[in-house]
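Student: My structure is below; once you've seen it, I'll send some questions.
Laboratory data are not the source of any read-out in this text; all were calculated from the coordinates shown. Quick caveat, the model's predicted, so the values are computed rather than measured. Counting neighbours? That spans all protein chains shown, and the Cβs are built from the backbone with ideal geometry, glycine included.
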Amino acid sequence: KNQVEQSPQSLIILEGKNCTLQCNYTVSPFSNLRWYKQDTGRGPVSLTIMTFSENTKSNGRYTATLDADTKQSSLHITASQLSDSASYICVVTARGDYKLSFGAGTTVTVRA
Amino acid sequence: NAGVTQTPKFQVLKTGQSMTLQCAQDMNHEYMSWYRQDPGMGLRLIHYSVGAGITDQGEVPNGYNVSRSTTEDFPLRLLSAAPSQTSVYFCASSYRDPQSSGNTIYFGEGSWLTVV
């Protein structure tokens, strides 16, 4: 069964600090990996999309990395802001499949 | 450009009642889908559609029906609501299927459903 595991489940950081979120997956054969940001009470919003051949993708202060050999991805948030407080969801798609496999998300709380 | 619009935002149902969650997109997207989000779990696919007139089951389809008579609309029907269907429901759409990496998937703002 295709699975996506995210860690940590939650974390608290001070404004201005950096943090890294992890995503491990067993989805095979791999097609692409996406990171989404979900604010409380809102729908998920796309941050990055990466294919097998891409190992880094940035979107402003968000940088995603992908190691398709070890089936791991990370999302790095640089110089965190209060508005970064949200849940970050890793989503993986298998080749030949319309369905997305979602991680349970990492809840990030940024404190002043 | 409204994106993906879901209605209602909040709904309380009694066990056994039926209702329809509405989803509309104005981006001419072929691919649409419905998910439910429960605490501590990733979003789970209920039903999806790859174009008007074509629907298929996802991971958790029991108790739900869908139809896709137009490209724009993809309603989700709860046939006889049960407390286990208490959840947050998200509709999503994209121009092409999720395997296409240059293809952003857009989500609606969610519908909070409570079945008592």
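Student: Please work out if A:VAL110 is surrounded by 16 or more Cβ atoms within 10 Å (Cβ to Cβ) and touching an Asp or Glu at 6+ places or on another chain (Cβ under 9 Å). Give the steps one after another, and end with the answer.
Tutor: Details: surrounded by 16 or more Cβ atoms within 10 Å (Cβ to Cβ): yes; touching an Asp or Glu at 6+ places or on another chain (Cβ under 9 Å): yes.
Yes; evaluated as a whole, the condition is true for this residue.
Student: Would you pick out the residues in region A:1-59 that are more than 8 Å from chain B (Cβ to nearest Cβ) and among the β-branched types (Val, Ile, Thr)?
Tutor: A:ILE12, A:ILE13, A:THR20, A:THR26, A:VAL27, A:THR40, A:THR48, A:THR56
Student: Looking at region A:92-109, which of its residues are part of a strand (DSSP E or B), out of contact with any Cys (no Cβ under 9 Å at 6 or more places or on another chain), more than 7 Å from chain B (Cβ to nearest Cβ) and not polar (S, T, N, Q)?
Tutor: Once the filter is applied, which keeps residues that are part of a strand (DSSP E or B), out of contact with any Cys (no Cβ under 9 Å at 6 or more places or on another chain), more than 7 Å from chain B (Cβ to nearest Cβ) and not polar (S, T, N, Q), region A:92-109 yields only A:ALA94.
Student: Considering region B:78-100 alone, what residues qualify as being in a loop (DSSP other than H, G, I, E, B) and over 24 Å from A:ARG42 (Cβ atoms)? Spell out how you get there, then give the answer.
Tutor: First, pick out the residues of region B:78-100 that are in a loop (DSSP other than H, G, I, E, B): B:79-82, B:86, B:95-100.
B:LEU79, B:SER80, B:ALA81, B:ALA82, B:ARG96, B:ASP97, B:GLN99, B:SER100 - these are the residues of region B:78-100 that are in a loop (DSSP other than H, G, I, E, B) and over 24 Å from A:ARG42 (Cβ atoms).
Student: Can you report the number of residues in region B:21-40 which are closer than 14 Å to B:THR86 by Cα and touching a residue at least 12 places away in the same chain (Cβ under 8 Å)?
Tutor: Residues meeting the conditions: 5.
Student: Name every residue in region A:77-91 that is among the β-branched types (Val, Ile, Thr) and either at the interface with chain B (Cβ under 7 Å from one of its Cβ atoms) or surrounded by 20 or more Cβ atoms within 10 Å (Cβ to Cβ) (or both), in order of residue number. Talk me through it step by step, then tell me what you get.
Tutor: Narrowing region A:77-91 to residues among the β-branched types (Val, Ile, Thr): A:77-78, A:89, A:91.
Listed by number, the residues that qualify are A:ILE77, A:ILE89, A:VAL91.
Student: Can you give me the number of residues within region B:68-116 that are touching a strand residue (DSSP E or B) at 6+ places or on another chain (Cβ under 6 Å) and under 30 Å from A:ASN55 (Cβ atoms)?
Tutor: 13
Student: Can we say B:ASP56 is surrounded by fewer than 20 Cβ atoms within 10 Å (Cβ to Cβ) and under 22 Å from A:ASP97 (Cβ atoms)? Steps first, answer last, please.
Tutor: Numbers: surrounded by fewer than 20 Cβ atoms within 10 Å (Cβ to Cβ): yes; under 22 Å from A:ASP97 (Cβ atoms): yes.
Yes; evaluated as a whole, the condition is true for this residue.
Student: Which condition does A:GLY43 not pass, out of (1) within 27 Å of B:GLU109 (Cα to Cα); (2) exposed (fewer than 13 other Cβ atoms within 10 Å of the Cβ); (3) not basic (Lys, Arg), if it passes all the others?
Tutor: The one condition A:GLY43 does not meet is (2).
Student: Step by step: first the residues of region B:43-52, then only those that are among the small types (Gly, Ala, Ser) and surrounded by fewer than 21 Cβ atoms within 10 Å (Cβ to Cβ), then the one that is nearest to the other protein chains (Cβ to nearest Cβ). Which residue is that? Before the answer, list the steps.
Tutor: Filtering region B:43-52 for residues among the small types (Gly, Ala, Ser) gives B:49, B:51-52.
Next, from what is left, pick out any that are surrounded by fewer than 21 Cβ atoms within 10 Å (Cβ to Cβ): B:51-52.
Numbers: B:GLY51: 12, B:ALA52: 16 Å.
Looking at residues that are among the small types (Gly, Ala, Ser) and surrounded by fewer than 21 Cβ atoms within 10 Å (Cβ to Cβ), I get B:GLY51.
Student: Any idea which of B:LEU113, B:LEU45 is under 11 Å from the mean Cα position of the chain (by Cα) and assigned to a strand (DSSP E or B)? Quick ask: steps written out before the conclusion?
Tutor: Details: B:LEU113 fails: under 11 Å from the mean Cα position of the chain (by Cα).
Selected residue: B:LEU45, the only one of B:LEU113, B:LEU45 that is under 11 Å from the mean Cα position of the chain (by Cα) and assigned to a strand (DSSP E or B).
Student: Which condition breaks for B:ARG68 when tested against (1) at negative phi; (2) within 12 Å of chain A (Cβ to nearest Cβ)?
Tutor: Here B:ARG68 meets the rest and fails (2).
Each row is one residue, and each column tells you yes or no for (1) among the aliphatic types (A, V, I, L, M); (2) out of contact with any Cys (no Cβ under 6 Å at 6 or more places or on another chain); (3) assigned to a loop (DSSP other than H, G, I, E, B); (4) farther than 30 Å from B:GLN57 by Cα.
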{"residue": "A:LYS17", "(1), (2), (3), (4)": "no, yes, yes, yes"}
{"residue": "A:ASN32", "(1), (2), (3), (4)": "no, yes, no, no"}
{"residue": "A:GLY41", "(1), (2), (3), (4)": "no, yes, yes, no"}
{"residue": "A:SER46", "(1), (2), (3), (4)": "no, yes, no, no"}
{"residue": "A:TYR88", "(1), (2), (3), (4)": "no, yes, no, no"}
